[in-house]
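The values are calculated or read from the model by the stated rules, or taken from the named source; none is laboratory data. Since this is a predicted model, take the numbers as computed values, not measurements. Cβ coordinates were reconstructed from backbone atoms using ideal geometry, including for glycine residues, and neighbour counts include every protein chain displayed. The protein model used for the area step is the full one, side chains on, heavy atoms only, and it has no ligands, DNA or RNA in it. Shrake-Rupley method; radii C 1.70, N 1.55, O 1.52, S 1.80 Å.
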Amino acid sequence: MKKIAVFTSGGDAPGMNACIRAVVRTALYHGIEVVGIVRGYKGMIEGSFTPLNSQSVSNIIQRGGTMLKSARCDEFRSKEWRQIAYDKVIDAGIEGMVAIGGNGTFTGADIFLKEFDIPTIGCPGTIDNDLYGTDYTIGFDTAVNTALDAIDKIRDTADSHDRVFFVEVMGRDAGYIAIQSGIGGGAELVMVPENPDSFEGVIETLRYGRENKKSSAIVVVAEGEELGNANVIAGKAKEALPHMDIRVTNLGHIQRGGAPTALDRILASRMGMAAVEALLQGRKSEMIGVINDEIVHTPFDDAIHKKKPLNKELIKMVNILSI
Ligand code: F6P
């Protein structure tokens, strides 16, 4: 293999830059040329390729976002546009690819690979941590720490004003950010899609807390929560508990930005290096993961379709520790 491409796609995640750096430097170490595809699949269709050398990836390990930019690309769902992308890839002499992203990124890579057989290895870059085949995804730890920092601040004001706060965090259909930031922030309740909640249970928890001299409370709500978003749940809580002062904070995209934590930089570096090594070993159509501190390879098909279970013990723990 003489030339590979690297790209980031889907929602950005802190640590993507560290991963790009690792891919570029590992490839150069093995005498392989690298090009970056700008804006993921969109850039592939447009032929937006930029040569990357060692200096191109200097001074980025500590930066959030992605130097290669990212995009969600609807065109790539159609065969016609994938054919155009393939022609551009071949014209550029690209023989293998490292795709950094989440579920949608690997779904695209899997289809592309089945159609055109360009060896592709994925690195899981998403704050959601929702990919099967890895304990953690790149960006998750940073996002949890960002959410935690915000929850700590909300706790200060909640406590001063004897208020209840419903704090909505990201995670798409998964509750990993919610559960971890909720435990770390000492939340009274964490609502995640993996665990059915009842509205009566929410009211009961808040009432119980107040009766037991808790003057404030934090409820962390995962954006995928089945009872509705934080605004909806808080609205109903206000009706049921009119004597409580209830507020809502949606943390939103701040969870996607910021300097990656040490854990994310190291995870991203390990995964980027392992991805290039996997291509050199002739592997394709696999996602790199780290399980029990070991690099593992999981077929795209499993990474995309198998559900990574959320540890229910953690939910039980929130209930016990918040009494
Ligand atoms: O997948 C990362 C993520 O931030 C999810 O947590 C969230 O549901 C989604 O992306 C938001 O996407 P966008 O930035 O396109 O609105």
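Per residue, the accessible area of region 125-192 comes to 31 Å² when a 1.4 Å probe rolls over the protein heavy atoms.
Using the 1.4 Å probe convention, the accessible area of region 1-72 works out to 39 Å² per residue with neighbouring protein chains retained. Between helix 230-240 and the chain there is an angle of about 10 degrees, using the helix long axis and the longest principal axis of the Cα atoms.
In sequence order, region 171-186 has phi-based couplings of x, 6, 8, 10, x, 5, 5, 4, 5, 6, 6, x, 5, x, x, x Hz under the Karplus curve 6.51 cos²θ - 1.76 cosθ + 1.60, θ = phi - 60°, and Gly or Pro positions carry x. With the charge dipole of the chain set up from +1 on Lys and Arg Cβ and -1 on Asp and Glu Cβ about the Cα centre, the Cα lying farthest toward the positive end among the listed residues Gly104, Ser215, Ser56 is that of Ser56.
Straight Cα distances below 16 angstrom link Lys306 to the aspartates and glutamates Asp110, Asp128, Asp130, Asp135, Asp173, Glu194, Glu286, with same-chain residues fewer than 8 positions distant left out. How much of the accessible area of the chain, probe 1.4 Å, is carbon plus sulfur, in whole percent? On the chain, the fraction of accessible area on carbon and sulfur atoms equals 50 percent. Of all aspartates and glutamates in the structure, the ones whose alpha carbon falls short of 18 Å from that of Lys153, not counting any fewer than 8 places away in one chain, are Asp162, Glu168, Glu188, Asp245.
Which values of log₁₀ I(q)/I(0), to two decimal places, follow from the Debye formula for the chain at q = 0.09, 0.14 Å⁻¹ with a uniform point scatterer at every Cα? Scattering profile of the chain, log10 relative to I(0): -0.49, -0.97.
The order of the peptides 271-279, 295-303 by mean Cβ neighbours within 10 Å, most packed first, is 271-279, 295-303. The modelled label-to-label distance for the pair Gln281/Arg207, using points 7 Å beyond Cα in the direction of Cβ, is 5.7 nm.
Estimated from the Cβ-Cβ distance and a Förster radius of 56 angstrom, the FRET efficiency linking Ile266 and His243 is about 0.70. Accessible surface calculations at 1.4 Å, restricted to protein heavy atoms, place region 205-323 at 54 Å² per residue. Annotation: lysines with alpha-carbon distance below 28 angstrom to Lys2 (same-chain offsets under eight excluded): Lys42, Lys69, Lys79, Lys88, Lys114, Lys284. Subtracting the Cα-Cα distance of Asp149 and Arg72 from 0.36 nm times their residue separation leaves 24.9 nm of extension gain. Ligands, DNA and RNA excluded, the heavy atoms of Leu314 present near 50 Å² of accessible surface to a 1.4 Å solvent probe.
In this simple spin-label model, placing a label point 7 Å from the Cα along the Cα-to-Cβ direction at both Ala92 and Ile323 gives a separation of 5.8 nm. The packing ranking, built from the mean of other Cβ atoms within 10 Å per residue, places the peptides 252-258, 4-10, 229-235 in the order 4-10, 229-235, 252-258, highest first.
Between region 212-278 and region 136-179, how many Å separate their Cα centres? So the separation of the two Cα centres works out to 4 Å.
Ordered by 1.4 Å accessible area with all protein chains kept, Glu223, Glu239, Glu168 run largest first as Glu239, Glu223, Glu168. Full extension of the chain between Val232 and Lys308 yields a length gain of 24.6 nm, computed as 0.36 nm times the residue separation minus the alpha carbon distance.
Compared with the dominant Cα axis of the chain, that is its longest principal axis, helix 199-211 is turned about 50°. Please identify every one of the chymotrypsin sites (Phe, Trp or Tyr not before Pro) in region 81-114 that sits in a loop by DSSP and has no more than 12 other beta carbons within 10 Å of its own beta carbon. Hits after loop and neighbour filter: nothing returned.
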